[in-house]
């Protein structure tokens, strides 16, 4: 039996000997309970030739009424449905077994399901719902027969006291928070201001969307706007900020949207432009003015990419003038803007591959990829050497390998000795998947030499096949 099988049997053996559950199972992790259930079910209960004698597992206790918690846990996970059903009769006596009762509510055997659901309904109430691992109930809800637990949880939590809801709002499991906020919105348990603050502080995008949408829907026409829009505008998540910016139109404060025209999020910038246009503003003109101001783009680099998002190809000249800007962020946004306007000039951008700012080089490589075959191979090959910074070597590697053929193979084999482990890995993967480019002459001796240098990446058979495909003697 493999290592994983040995660990599985050892866990069951320890439980059969009375080892407490918390010593073997992370009781706070819902995945640990489902894993325990699967482990016990897969473990042989009778002596077998395939299980060493020292690891043979004892059968479930004959008298379940006298069984302690670890042994009753084994019975609740037993592969025989009659044993599982009988064990449920005594499960309520032990405080550590409710998670296994929850699992049995989705059992494939109907008698087991019926008894487990009856027990869960008697046990689950507003005070014990968080303690019974809402995360486990929601995880099991994705199973074929798992909807009952979710429906019961919604019924119980929907009428729970506010402090119980607050415990679910702060749960580390995002599925629990999503469930709790959706339930609170459905039952009207939170006001508009509370929903806005929740959208602003929760890192999960689904919670942000649910709460921000509900906050704006619950906001009366007369306000109070500051209590709702303020937390949304100050949120870290772009979904919440975009909702707050859009609400500025309804609040009659379009001027406040100007501050978000240069937001780091494209979604927020788009919402700010929408609000200004609805009140007769011209975002493109606003962006052009900021990009022409001395030092303006350095203070708000988002104005550069914002101009590309709402401008036209006539703005390409203004963006090209910013390629030499002292700010690296401005240069990077200018390159991205030219790509968005389909105004990339390969000869102009090639020089930016030597830029000291990594983001500029990444944006430049992305913009030059469609033109990789037209770029000077020697110029790029020299930039794969160890004296160049990593971002420059990676950009040159991407552009050279995009060309395929012997040029790409040459660059990849050279990168096999690169000091960066990721770049060496990418190079090895490229060499292993390399084939001659269509239309390239076969029988190039350089290809044979390059493949020989990378023979450690192939078996002898595969290396012979690669050479044969390249028109070389195997």
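Quick note: the coordinates plus some simple rules give every number you see, no bench work behind them. Values in this document were obtained by computation on a predicted structure and should not be read as measured data. No Cβ is skipped: glycine too gets one built from the backbone with ideal geometry, and neighbour counts run over all protein chains shown.
Tell me what the chain gives for mean residue ellipticity at 222 nm when only DSSP H runs of n ≥ 4 count, each as -39,500 (n - 2.57), the sum divided by the residue total, rounded to 500 deg cm²/dmol.
Taken over the chain, the calculation gives -17500 deg cm²/dmol.
Report, please, the projected area of the range 372-474 averaged over directions, based on the convex hull of its C-alpha atoms, in nm².
Across all orientations, the range 372-474 yields a mean hull projection of 6.1 nm².
Order these by the 10 Å Cβ neighbour count, fewest first: 78, 118.
In increasing order of surrounding Cβ atoms, one gets 118, 78.
Going from the alpha-carbon gyration tensor of the range 266-383, what semi-axes, largest first and in whole Å, does one get by taking the root of 5 times each eigenvalue?
One finds semi-axes of 28, 14, 11 Å for the range 266-383.
Cα axis of helix 205-218 to longest principal axis of the chain: angle in degrees, 0 to 90, nearest 10?
90
Among 325, 144, 347, which comes first, second and so on when ranked by fewest other beta-carbon atoms within 10 Å?
144, 347, 325
To the nearest Å, what is the center-to-center distance of the range 148-183 and the range 195-266, using C-alpha atoms only?
Cα centroid to Cα centroid, the span is 24 Å.
Take the alpha-carbon centre of the range 342-409, take the same for the range 84-101, and report the distance between them in whole Å.
Taking the Cα centre of each part, the range 342-409 and the range 84-101 sit 64 Å apart.
How would 401, 344 line up from fewest to most surrounding beta-carbon atoms within 10 angstrom?
In increasing order of surrounding Cβ atoms, one gets 344, 401.
For a test of the definition: using alpha carbon positions, the gyration tensor, and the 1.5 limit on a/c, classify the range 162-243 as rounded, prolate or oblate.
The shape class here is oblate.
Compute the long axis of helix 81-91 from its Cα atoms, compare it with the longest principal axis of the Cα atoms of the chain, and write down the angle in degrees, 0 to 90, nearest 10.
Approximately 80 degrees, to the nearest ten.
Which angle from 0 to 90°, rounded to the nearest 10, does the C-alpha axis of helix 238-251 make with the longest principal axis of the chain?
Between the helix axis and the principal axis of the chain, the angle is about 80 degrees.
Note the listed values (i) 72, 60, 37; (ii) 77, 50, 46; (iii) 83, 80, 33, then indicate which one is Cα extents along the principal axes in Å calculated from this particular structure.
(iii)
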